[in-house]
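S.K.: Have a look at the structure that comes next, please.
The values are calculated or read from the model by the stated rules, or taken from the named source; none is laboratory data. Given the structure is predicted, the values throughout are model-derived calculations rather than measurements. Here the Cβ positions follow ideal geometry from the backbone for every residue, glycine too, while neighbour counts run over all protein chains shown. Heads up: the accessible areas ignore ligands, DNA and RNA and are worked out on the full protein's heavy atoms, side chains in. Shrake-Rupley method; radii C 1.70, N 1.55, O 1.52, S 1.80 Å.
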Amino acid sequence: MILSIEDLRTLARRRIPRAIFDYADGGSYREVTLRANAADLDAIQLRPRVMIDVSDIKLATTLAGSEASMPLAIAPTGLCGLYHADGEILGARAAAAFGIPFCLSTMSICSIEDVRAASDQPFWFQQYLMRDRGFNQALIERAIAARCSALVLTLDLQILAERRRDARNGLSIPPRLTLRNAWDVATKPVWALRVMFGKRRTFGNLVGHIGGASGVATPGVATPGVATPGVATLAQWTQAQFDPTANWRDVEWVRSRWPGRLILKGVMDAEDARFALAAGADAVVVSNHGGRQLDGAPSSISVLPEIVAAIDGRCEVLFDGGIRSGQDLAKALALGARGGMIGKSFLFALAAGGQAGVTRALEIIRDELRVTLALTGTGDVAACGPHMLRMRERLRANGP
């Protein structure tokens with residue numbers, strides 16, 4: 001019986017190889033920040049209220065111009081197609097059916113074009129600032145052609161941090177059998193048949209753009225004579241393309257070329273929040289990359305109030321960093337977020353049950369959020385605020 005996100009995580013661990021599970025479950029270096037994301041959310045106490053009419057709880061809202069049945073979006077996560085065959089397509093379909101936004105990662109297995117062809121609802125697209133501005137421009141044009149409703153620009157990956165679990169597990173893209181993982185893969189036959197021998201096993205958005213092959217490639221489509229990028233090629237490409245020189249002028253460059261809503265992800269400092277506003281952000285995402293970049297950084301929830309204060313209502317603030325329940329989402333809303341995003345929880349659900357697993361995760365969070373609002377005397381997500389929290393947390397939300 002699946003009653004919680006933790007149940008989905010447990011099932012995912014049983015159904016997919018360790019290397020793939022750890023890619024979602026882990027963080028960088030000693031994983032201090034990864035643990036803080038969960039611990040700091042757990043430490044926040046909700047304020048129970050009674051004798052308030054909560055017979056009609058309203059969860060619907062908008063996120064960056066997109067209608068949402070509840071204040072939640074699926075965050076951009078790489079390699080979804082390795083958690084379940086056609087994972088990005090299944091995630092987009094589950095989100096559309098549930099009425100919330102789905103964000104496709106540049107590092108997806110299914111390409112922008114794959115997801116667009118398989119989904120009848122607009123989705124968000126995420127990209128990084130890269131040295132090759134022509135490639136950035138090409139991705140923007142592909143997102144426009146796919147009628148993506150928002151562009152999510154990830155700011156906190158100028159340099160890739162070490163994820164030690166991935167290195168120890170020998171994670172490879174596409175997955176391959178080795179002496180190290182043969183038994184692990186053999187005990188996951190359903191996953192192996194679907195993913196290792198499936199149609200899509202590498203980075204769909206990068207095919208034809210990296211690898212040094214000659215010839216003309218169709219974006220997102222494997223073309224004879226054009227290299228299909230593997231993990232070694234990807235490592236070289238990221239070293240060459242993730243841009244440590246990127247600055248706010250480059251964000252303005254993206255803003256000038258993207259006609260829709262621009263969401264800047266990875267803001268963890270009030271000064272950076274003000275720079276984001278000046279660069280033309282329609283929304284910012286308070287995120288430490290799931291604890292996968294700067295280890296020792298604060299949790300996302302601990303800095304959310306100061307980002308909300310710095311933004312001061314001039315654009316939307318979204319929260320990403322450890323949401324595994326409706327209670328977690330309610331706490332972020334109480335501290336000023338317009339909505340939340342789930343990455344790890346989404347991948348666990350996808351691995352556990354494909355589209356049905358994602359739908360179940362969304363049901364769990366929705367139902368827990370509804371009960372949490374009711375028991376804090378809050379009838380509408382638009383009315384969420386510090387009054388939902390115990391006094392020490394209300395004081396923190398309002399500043400020192």
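S.K.: So, restricting to helices (runs of 4 or more DSSP H) that lie completely within segment 1-52, which ones have at least 3 residues that are over 25 Å from Glu363 (Cα atoms)?
M.R.: Answer list for segment 1-52: 32-43.
S.K.: Follow-up question, since we're still on this one. I'd like to know if segment 359-382 contains one or more residues that are of a type outside the set (Ser, Thr, Tyr) and assigned to a loop (DSSP other than H, G, I, E, B).
M.R.: yes
S.K.: Condition (residue is at positive phi, open to solvent by 10 Å² or more (accessible area, probe 1.4 Å) and touching an Asp or Glu at 6+ places or on another chain (Cβ under 9 Å)) applied to segment 56-66: is it met by at least one residue?
M.R.: Yes, segment 56-66 contains at least one residue that is at positive phi, open to solvent by 10 Å² or more (accessible area, probe 1.4 Å) and touching an Asp or Glu at 6+ places or on another chain (Cβ under 9 Å).
S.K.: Additional query: Which is assigned to a helix (DSSP H, G or I), within 22 Å of the chain's Cα centre (by Cα), at pLDDT 75 or above and not charged (D, E, K, R), of Leu277, Leu262, Leu294?
M.R.: Just one listed residue meets the conditions, Leu277.
S.K.: Please verify whether Gly204 is in contact with a helix residue (DSSP H, G or I) (Cβ under 8 Å, 6 or more places away or on another chain) and modelled with pLDDT under 75, treating the condition exactly as stated.
M.R.: So Gly204 fails the test.
S.K.: Here's something else I'd like to know. Looking at (1) touching a residue at least 24 places away in the same chain (Cβ under 8 Å); (2) of a type in the set (D, E, K, R); (3) at negative phi, which one does Asp86 not meet, given that it meets all the others?
M.R.: Among (1) touching a residue at least 24 places away in the same chain (Cβ under 8 Å); (2) of a type in the set (D, E, K, R); (3) at negative phi, the lone unmet condition for Asp86 is (3).
S.K.: Ala85 fails exactly one of the following numbered conditions: (1) touching a strand residue (DSSP E or B) at 6+ places or on another chain (Cβ under 8 Å); (2) of a type in the set (A, V, I, L, M, F, W, C); (3) at pLDDT below 95. What is the number of that condition?
M.R.: Result: Ala85 passes all but (1).
S.K.: On to the next question. Pick from segment 265-274 the residues that are small (Gly, Ala, Ser) and more than 18 Å from the chain's Cα centre (by Cα): which of them is nearest to Ala39 (Cα to Cα)?
M.R.: Ranking the qualifying residues of segment 265-274, first place goes to Ala270.
S.K.: Here is a further query. Among (1) open to solvent by 10 Å² or more (accessible area, probe 1.4 Å); (2) in contact (Cβ under 8 Å) with a residue 24 or more places away in the chain, where does Glu141 come up short?
M.R.: (2)
S.K.: Provide a single number: the residues in segment 97-120 that are of a type in the set (A, V, I, L, M, F, W, C), within 17 Å of Pro76 (Cβ to Cβ) and open to solvent by 30 Å² or more (accessible area, probe 1.4 Å).
M.R.: 0
S.K.: Six or more apart or on different chains, Cβ atoms under 6 Å: show the pairs whose first residue is in segment 162-185 and over 17 Å from Met107 (Cβ atoms) and among the acidic types (Asp, Glu) and whose second is open to solvent by 40 Å² or more (accessible area, probe 1.4 Å) and modelled with pLDDT of 70 or more.
M.R.: Asp184/Arg18
S.K.: For Phe123, which of the numbered conditions (1) open to solvent by 20 Å² or more (accessible area, probe 1.4 Å); (2) in contact with a Cys (Cβ under 7 Å, 6 or more places away or on another chain); (3) of a type outside the set (Lys, Arg) fails to hold?
M.R.: Exception for Phe123: condition (1).
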